[in-house]
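The values are calculated or read from the model by the stated rules, or taken from the named source; none is laboratory data. Computed from a predicted model, the values in this text were never measured in an experiment. Cβ coordinates were reconstructed from backbone atoms using ideal geometry, including for glycine residues, and neighbour counts include every protein chain displayed.
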């Protein structure tokens, strides 16, 4: 599903160049659950932005489902984000005065899906992530942190993307709630979803099937995880 070949990212500020990624190469198969782990400043978030078609590499190529994303125009990358990628962020990014169902259905509004179909798809996605039906028409700011993150995961699922990218999804949650959210990702992976999780925490990364370790813009280790 994912193939990165010698991905480099360099930021230029006047005469100064900062190398954030130094030519990383890896593949991720359809249906894998992979964690990209590294300390702050290691380049993992920059890599996620490239995988999510939110930024371009300075050099190298990135293929998603056989298409060279790194050579696409901004409009073409926007279509890829809309059709093939679901995002989950640390800060949830929900509309506070909108209902849970409306938040989840939002990507389908942009895709011009009819209202009745949007609502049906949103409820199905919420059921997938295990949110109680009694919460579906609550406002998002009436939910706990764990419930809000489940809503954010449902929103990422609603357009049936090829790839789910999760950037520090447990960063704003306590340990117990974080475990519940990570179990949700594990279950989604068992159902066939491809997931890439960005984290700096080893305990979080070990919920994946495989960990790509990144440091100073380079991959230093790529290991399988023995998961129960």
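So that you can scan it fast, the table gives a plain yes or no per residue for (1) farther than 15 Å from residue 196 by Cα; (2) without any contact (Cβ under 8 Å) to a residue 12 or more places away in the chain; (3) crowded, with 21+ Cβ neighbours inside 10 Å:
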residue: 15; (1), (2), (3): yes, yes, no
residue: 32; (1), (2), (3): no, no, no
residue: 42; (1), (2), (3): yes, no, yes
residue: 66; (1), (2), (3): yes, yes, no
How about region 139-158: which of its residues are within 17 Å of the chain's Cα centre (by Cα) and surrounded by 21 or more Cβ atoms within 10 Å (Cβ to Cβ)? 148, 149, 150, 151, 152, 153, 154, 155, 156, 157, 158
Counted residues in region 73-88 being touching a helix residue (DSSP H, G or I) at 6+ places or on another chain (Cβ under 9 Å) and either buried (at least 17 other Cβ atoms within 10 Å of the Cβ) or on the phi > 0 side of the Ramachandran plot (or both) come to 6
Qualifying residues in region 125-135 (those that are surrounded by fewer than 18 Cβ atoms within 10 Å (Cβ to Cβ) and touching a helix residue (DSSP H, G or I) at 6+ places or on another chain (Cβ under 9 Å)) - the one modelled with the lowest pLDDT: 130
Quick test of your reading of the structure: residue 10 fulfils all but one of (1) farther than 21 Å from residue 188 by Cβ; (2) touching a helix residue (DSSP H, G or I) at 6+ places or on another chain (Cβ under 8 Å). Name the failing condition by number. (2)
Could you list, in sequence order, all residues of region 90-110 that are crowded, with 16+ Cβ neighbours inside 10 Å, more than 13 Å from residue 153 (Cβ to Cβ) and touching a strand residue (DSSP E or B) at 6+ places or on another chain (Cβ under 7 Å)? 99
